[in-house]
Amino acid sequence: MKSFQERNPLIIGAIAVAVVVAVCVAALNYTRLPFLSSGSTYAAYFDEAGGLVTGAPVQVSGFKAGQVKSISLDSQGVLVTFTVADGIRLGERTEASINTISLLGNKVLEVTPRGAGHLSGAIPMQRTTSPYQLPDALGDLTATISGLNTDQLSSALQTLSDTLRDTPPQLKIAVEGVARFSQTLDARDAQLRNLLANASKATTVLGQRTDQIVQLVHDTNAVLAALHSQSAALEEISANISALAQQIRGFIGENRATLKPALDKLNGVLATIDNRKTEVQQSIKGLSTYALSFGESIASGPFFKLYVANLEEILILALASFGVSAQRLPSHPGVWVGDEKIASIGVRIDARAVTHHGFALNVNTDLTFFRWIVPCGIVGKSVTSLSRILGRALPLREVAEIVADCFGKVFRMERVRFDSASEALVPSS
């Protein structure tokens, strides 16, 4: 006997490929294998398939019990082969029908077990029922009515009415009713045709959108299932709200004597406000006007002028420390050395009396830029700087130290020194 290594590798590979293919085919079609089948196979004859398709569900007493395996045309009619679970017994007189399970026309094979014993052959056509197809019926009705000549029909019915005119009164009334019906049918012929055409279009659209509508119904079921699963939480919330309502009711009942005077007073206040609604509205408008006027009075009143004068005094004292004689000009705020401006004042005071901005002192400023503008809008006046007057550049820190000392003297404040800005931001204990 040859060892495994001595055998032809091509033959071994071919056998392995064949085994793998056989396993794959068996895995994909395991439900068709007799020894793996999970149900019994039966058959039934129908007049027509009625929209039933292979793979459609099979129901027994309303529960899914199998599926349709095949549909073929036989000499005795349409032969439908289907499976039913092994645990379900079908009697000798079992009946079958093709039913519509939705408005979209989806079909299901409904099996009704009847009789004793076990079903051995195919269910005959006498015990099967085909479905009623609404789209087909509407289509046939549309085609039939479209082929009618309503003029001839109306004329024939009118002739029949004339022929039977001398008949007994009861028959005469019936015939006249038929005549009126024919006239109405003739007068509404176009509308009737339009109605049937629209019905045909509606059934066509429903047939094309079957998958979408089925998905919509499926999503609706999912929403209902989610609501059902959250019913416990909703019930708990409802119970908590009920408990809260009971506690509030008990609190009001226990404190009714205390709350009643307060509520009566509150109602009195609300009634007064409601009766004085116009006056309250006018008061609110007047308060807004007052706040605006108050802010303007602070910003432009004596306090403002005094603050500006104090800033000018600080700068005059600081310049005097460097031996520079400076003064004010009554018509132009700021600090001047002769007719040349050395410091500008820019201040805004809000309604809370908080100042913003301040002053600008020219120390080592490049004055060439002022040649291209009219400084502060004052014509005939020029600008100078401390370095130009002294003939040397000055350290800004030195000037800032002197200005800070002069600020403390004018506003009578004690100067506190900090090593860094972060230290100054730490609140004192």
- For the stretch 362-381, which residues satisfy the criterion of being assigned to a loop (DSSP other than H, G, I, E, B) and either in contact (Cβ under 8 Å) with a residue 24 or more places away in the chain or exposed (fewer than 10 other Cβ atoms within 10 Å of the Cβ) (or both)? ASN362, VAL363, ASN364, ASP366, ILE373, ILE378, VAL379, GLY380, LYS381
- Message: For the structure I just gave you, tell me whether GLU401 is free of Cβ contacts under 8 Å to residues at least 12 places away in the same chain, of a type in the set (D, E, K, R) and more than 14 Å from VAL308 (Cα to Cα).
- Response: yes
- Would you be able to tell me the number of residues in the stretch 78-98 that are touching a helix residue (DSSP H, G or I) at 6+ places or on another chain (Cβ under 8 Å) and not polar (S, T, N, Q)? 3
- Item | Pick from the stretch 92-131, criterion among the β-branched types (Val, Ile, Thr) and part of a strand (DSSP E or B), ranking: nearest to ALA44 (Cα to Cα) | ILE123
- Message: I need every pair where a residue in the stretch 64-82 that is within 17 Å of THR128 (Cα to Cα) has its Cβ under 7 Å from the Cβ of a residue that is among the acidic types (Asp, Glu) and surrounded by fewer than 20 Cβ atoms within 10 Å (Cβ to Cβ), sequence separation at least 6 or different chains.
- Response: GLY77/ASP47; VAL78/GLU48
- Report the residue count in the stretch 233-257 for those that are part of a helix (DSSP H, G or I), polar (S, T, N, Q) and open to solvent by less than 100 Å² (accessible area, probe 1.4 Å). 3
- Note on the structure: For the stretch 32-55, pairs from a residue that is of a type outside the set (A, V, I, L, M, F, W, C) and in a helix (DSSP H, G or I) to a residue that is open to solvent by 50 Å² or more (accessible area, probe 1.4 Å) and at pLDDT 80 or above, with Cβ under 9 Å and 6 or more apart or across chains, are ARG32/LYS69
- Considering every residue within the stretch 89-96, establish whether at least one is open to solvent by 60 Å² or more (accessible area, probe 1.4 Å) and among the acidic types (Asp, Glu). yes
- Message: Anything in the stretch 324-348 that is open to solvent by 60 Å² or more (accessible area, probe 1.4 Å) and either touching a residue at least 40 places away in the same chain (Cβ under 8 Å) or touching a Pro at 6+ places or on another chain (Cβ under 7 Å) (or both)? List them, or say none.
- Response: ASP339, ARG348
- Query: Which residues, taken from the stretch 28-60, are modelled with pLDDT under 90, surrounded by 13 or more Cβ atoms within 10 Å (Cβ to Cβ) and in contact with an Asp or Glu (Cβ under 8 Å, 6 or more places away or on another chain)?
  - Reply: GLY39, SER40
- Query: Just checking, how many residues over the stretch 214-267 are touching a Leu at 6+ places or on another chain (Cβ under 8 Å) and touching a residue at least 40 places away in the same chain (Cβ under 8 Å)?
  - Reply: 1
- Test for ARG89: is it at pLDDT 85 or above and part of a loop (DSSP other than H, G, I, E, B): yes
- ILE71 being surrounded by 15 or more Cβ atoms within 10 Å (Cβ to Cβ) and either on the phi < 0 side of the Ramachandran plot or of a type in the set (Phe, Trp, Tyr) (or both): yes
- Query: Can you name the condition, by its number, that ILE273 falls short on among (1) at pLDDT below 85; (2) surrounded by 11 or more Cβ atoms within 10 Å (Cβ to Cβ)?
  - Reply: (1)
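So if I check each of GLN183, GLN212, GLN170, which one is open to solvent by 40 Å² or more (accessible area, probe 1.4 Å), more than 28 Å from THR100 (Cα to Cα), at pLDDT 70 or above and in a helix (DSSP H, G or I)? Spell out how you get there, then give the answer.
Numbers: GLN212 fails: more than 28 Å from THR100 (Cα to Cα); GLN170 fails: at pLDDT 70 or above.
It is GLN183.
The values are calculated or read from the model by the stated rules, or taken from the named source; none is laboratory data. Because the structure is a prediction, the values reported are computed rather than measured. With ideal geometry, Cβ positions are generated from the backbone for all residues, glycine too; neighbour counts draw on all protein chains shown. Remember, those area values only see protein heavy atoms, side chains included, never the ligands or the DNA or RNA. Shrake-Rupley method; radii C 1.70, N 1.55, O 1.52, S 1.80 Å.
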